[in-house]
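Comments concern the structure below.
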Amino acid sequence: MTAPARPRTSEQLIRAEEPVLAHNYHPLPVVVARAEGSWVEDVEGNRYLDMLAGYSALNFGHRHPALVEAAHRQLDRLTLTSRAFHNDRLAEFAERLAELTGMDMVLPMNTGAEAVESGIKVARKWAYDVKGVPEGRATIVVAAENFHGRTTTIVGFSTDETARAGFGPFTPGFKVVPYNDLAALEAAVDDTTAAVLIEPVQGEAGVIVPDDGYLAGVRELTRRAGCLFVADEIQSGLGRTGRTLAVEHEDVLPDVLLLGKALGGGIVPVSAVVARREVLGVLRPGEHGSTFGGNPLAAAVGTAVVELLETGEFQRRAAELGVVLRDGLADLVGRGVTGFRARGLWAGVDVEPALGTGREISERLMREGVLVKDTHGSTIRLAPPLTITTEELRSALGALEKVLV
Ligand SMILES: *Cc1c(COP(=O)(O)O)cnc(C)c1O
């Protein structure tokens, strides 16, 4: 009999990762052991307010009771069938997700990158089968500074050298144009264009909110050009911006929506391509698939997520608390903050470079009990759970003021 392992400290656990974990991340030096709502607790029992929320995968906070209950109930009954057979949870998930988003059909996948890959395949198939683009010629127009995931095809049309360099050769058929530039988009679209693929708000780029009229312009332009508008709402969707979808801010409905992150309720990876029947209907049996996509556990959790969003409560909270966030940040402009962009409960904050890098500010905030993530250079990103209280949000803004002023 070996003695039970002594619990290890945060420092020991961080050191233990070094030789055995691939170094593709540089996490803040906090080792989380448990969490509830907006709060996480480290191995030593220190508590932190989670102002990142798993890059919006935790829109409903950690372990939302309704989501945990749905998962528990399903765990006790059926977890996986593969799509070789039907399962009794998938129809309801697809019906309610389509209804929530104003679409007709759902293709369930797991991660965000898979939803993007699937969206690309569907758009190309549509271009050949419906639009009549000559085989092998379909193009997809994307925006500079995009973030759509980490597969080889997706990083191939990234403009971030760190994400791309060393991973080629890449999939052809993509054209990159500046974001928020309708004239450039218009010039790039032609008879071979299957789709325009953009984020309605560019998250990883630093929460870049396009000018009013851009999304409506993309809708109008793609309709006129006879190509698809594919909106990657993996981070911007499902309540984050104060609406179910960020495209609702301009009252537009794309042809294809890519969803992920919060769709899994912070419990399991759940993503989906959601589209009109004329588009998703192009897929025939055997042409696409996923062993785990649409599994009953994912469908049960995903249905519970849709049920939370059907109430409108989280979208409303994001809109209302978004005002508190925006006011708080406006108050810091000129006092350590050089500028910020916000939509709903989501902000990219540019910090005075003399005060430190985004990473250094994040480490200082961590010591104040607030967890955030830097993006490029001196920008930090705030995306708290939509369940955060006004007091908690104000305390996070207070901690930001303390480390900056
Ligand atoms: C996170 C993200 C993805 C990729 O999702 P993964 O689940 O990490 O593969 C794609 N698009 C956007 C906009 C994202 O924010």
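The values are calculated or read from the model by the stated rules, or taken from the named source; none is laboratory data. It should be emphasised that the depicted structure is a prediction, and the values quoted were computed from it without experimental measurement. Cβ sites come from the backbone with ideal geometry, for glycine too, and all protein chains shown count toward neighbours. Quick note on the areas: whole protein, heavy atoms, side chains included, nothing else; ligands and nucleic acids left out. Shrake-Rupley method; radii C 1.70, N 1.55, O 1.52, S 1.80 Å.
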Revision key, fill the gap. Looking across the range 169-188 at residues that are among the charged types (D, E, K, R) and out of contact with any Ser or Thr (no Cβ under 9 Å at 6 or more places or on another chain), the single one that is least open to solvent (accessible area, probe 1.4 Å) is Asp181
Review point. Which residues, taken from the range 363-394, are more than 26 Å from Ala66 (Cβ to Cβ), open to solvent by 10 Å² or more (accessible area, probe 1.4 Å) and not in a strand (DSSP E or B)?
Key: Glu363, Arg364, Met366, Arg367, Glu368, Gly369, Thr375, His376, Gly377, Ser378, Arg394
**Study point:** Identity of the residue in the range 47-68, open to solvent by 80 Å² or more (accessible area, probe 1.4 Å) and touching a residue at least 24 places away in the same chain (Cβ under 8 Å), that ends up nearest to the ligand (Cβ to nearest atom)
**Key:** Arg63
Check your understanding: Here are some residues: Glu135, Glu220. Which one is of a type in the set (Asp, Glu), part of a helix (DSSP H, G or I) and exposed (fewer than 15 other Cβ atoms within 10 Å of the Cβ)?
Key -> Glu220
Check your understanding: Quick check: anything in the range 90-108 within 16 Å of the ligand (Cβ to nearest atom), on the phi < 0 side of the Ramachandran plot and aliphatic (A, V, I, L, M)?
Key -> yes
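Yes/no per residue for (1) of a type outside the set (Lys, Arg); (2) under 22 Å from Ala246 (Cα atoms):
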site	(1), (2)
Phe314	yes, yes
Val333	yes, no
Arg343	no, yes
Leu365	yes, no
Gly377	yes, no
Arg381	no, yes
Ser395	yes, no
Revision key, fill the gap. Of (1) open to solvent by 60 Å² or more (accessible area, probe 1.4 Å); (2) under 24 Å from Leu185 (Cβ atoms); (3) within 16 Å of the ligand (Cβ to nearest atom), Thr153 fails just (1)
Study note, to complete from the structure: Checked the range 349-362 for anything open to solvent by less than 20 Å² (accessible area, probe 1.4 Å) and among the aliphatic types (A, V, I, L, M); matches are Val349, Val351, Ile361
Practice item. Using the structure shown, decide if Ala300 is more than 16 Å from the ligand (Cβ to nearest atom), open to solvent by less than 30 Å² (accessible area, probe 1.4 Å), touching a residue at least 60 places away in the same chain (Cβ under 8 Å) and not assigned by TED's automatic domain parsing to the domain that holds His86. Key: no
Point to revise | Residues that are among the charged types (D, E, K, R), open to solvent by less than 70 Å² (accessible area, probe 1.4 Å) and out of contact with any Pro (no Cβ under 7 Å at 6 or more places or on another chain), drawn from the range 69-124 | key: Glu92, Arg96, Glu114, Glu117, Arg124
Revision key, fill the gap. Selection over the range 243-271 where residues are within 12 Å of the ligand (Cβ to nearest atom) and either open to solvent by less than 10 Å² (accessible area, probe 1.4 Å) or out of contact with any Ser or Thr (no Cβ under 6 Å at 6 or more places or on another chain) (or both) yields a count of 11
Review point. Which condition breaks for Glu69 when tested against (1) under 25 Å from the mean Cα position of the chain (by Cα); (2) at pLDDT below 95?
Key: (2)
**Study point:** Filter pass, Ala113 being within 17 Å of Val218 (Cβ to Cβ), within 16 Å of the ligand (Cβ to nearest atom), at pLDDT 95 or above and not β-branched (Val, Ile, Thr)
**Key:** no
Check your understanding: Can you name every residue in the range 223-242 that is without any contact (Cβ under 8 Å) to a residue 40 or more places away in the chain and either in the same structural domain as Val323 (by TED's automatic domain parsing) or buried (at least 20 other Cβ atoms within 10 Å of the Cβ) (or both)?
Key -> Phe229, Ala231, Glu233, Gly237
